[in-house]
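What follows is a single structure, written as structure tokens, with notes after it.
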Amino acid sequence: DIILDADGGDIQFKDGGTTLGKILLDSAGLVIDSVVSDKDMFFNGSDGGSQITALALDMSAAGAATFNSHVALGDSKQLQLGADADMIIYHDGTTNYVQAAKQDSDLILRGNNGGTGVNALTLDMSAAGAATFNSTVTSAGLHSTTSGTGNFIAGVNAGNSIASGGNYNVVVGD
């Protein structure tokens, strides 16, 4: 056993007289401190005999964490995003959840269309989750069209019944 008993509560790591890091105990708890500006911290280990960096903390990017592999959370454990857990993602053992926890906070599904950011789907939480799609909605048996104005089509071939440029048509079935 090696026991370090620093009465002042600090253990300092130095090279040539320059302090590179510290482990200290303060009123908040145990602190591991990389004291050189913008020097990253690494958690390394051996995976089947190969040296790996399991976690890197980029101090030049406010401590951005890069994991070498998956981040695994147990059932009902949450990934909480935002200062007040404004958005939560979790699995309760049966069902998957994506939750906007902040009142009236919309959920937006964004994509990249030819290098341009696109809001593909917006769920308006102030309107009970009303869905607004940026473009056409297509699925087996239900699709929308941009021909004409105010058209609604339900049925695999129902669109064949709406003339191009028609207005306020509702077609259900084949």
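The values are calculated or read from the model by the stated rules, or taken from the named source; none is laboratory data. As the structure is a computational prediction, the values presented were derived from the model and not from experiment. Reconstructed Cβ throughout: ideal geometry from the backbone, glycine too, with neighbour counts over all protein chains shown. Ligands, DNA and RNA are stripped out before the accessible areas are found, and what is left, the full protein with its side chains, is counted by its heavy atoms. Shrake-Rupley method; radii C 1.70, N 1.55, O 1.52, S 1.80 Å.
Would it be correct to say that Ala85 is closer than 30 Å to Gly21 by Cβ and either at pLDDT below 95 or open to solvent by less than 50 Å² (accessible area, probe 1.4 Å) (or both)?
Against the criterion (closer than 30 Å to Gly21 by Cβ and either at pLDDT below 95 or open to solvent by less than 50 Å² (accessible area, probe 1.4 Å) (or both)), Ala85 does not qualify.
Can you name the residue in the range 109-141 that is touching a Gly at 6+ places or on another chain (Cβ under 8 Å) and not β-branched (Val, Ile, Thr) and is also modelled with the lowest pLDDT among such residues?
Per the stated criteria, the residue is Gly141.
Give Gly63, Gly45, Gly49 a once-over and let me know the one that is loosely packed, with under 11 Cβ neighbours inside 10 Å, free of Cβ contacts under 8 Å to residues at least 12 places away in the same chain and not acidic (Asp, Glu).
Gly49
Conditions (1) closer than 30 Å to Ala128 by Cβ; (2) in contact with a Gly (Cβ under 9 Å, 6 or more places away or on another chain), marked per residue:
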position: Phe13; (1), (2): no, yes
position: Ala62; (1), (2): no, no
position: Val98; (1), (2): yes, no
position: Ala101; (1), (2): yes, yes
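Being in a loop (DSSP other than H, G, I, E, B) and either of a type in the set (D, E, K, R) or surrounded by 10 or more Cβ atoms within 10 Å (Cβ to Cβ) (or both) is the filter here, so list the residues in the range 1-42 that pass it.
Across the range 1-42, the qualifying residues are Asp1, Asp5, Ala6, Asp7, Gly9, Val35, Val36, Asp38, Lys39, Asp40.
Any residue at all in the range 71-79 that's of a type outside the set (Asp, Glu), assigned to a strand (DSSP E or B), free of Cβ contacts under 8 Å to residues at least 24 places away in the same chain and surrounded by 10 or more Cβ atoms within 10 Å (Cβ to Cβ)?
The answer is yes; a qualifying residue exists.
Here is a yes/no grid of residues against (1) open to solvent by 90 Å² or more (accessible area, probe 1.4 Å); (2) of a type in the set (A, V, I, L, M, F, W, C); (3) outside any strand (DSSP E or B):
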| site | (1), (2), (3) |
| --- | --- |
| Tyr90 | no, no, no |
| Lys102 | yes, no, yes |
| Arg110 | yes, no, no |
| Leu121 | no, yes, no |
| Ala131 | no, yes, no |
| Thr136 | no, no, yes |
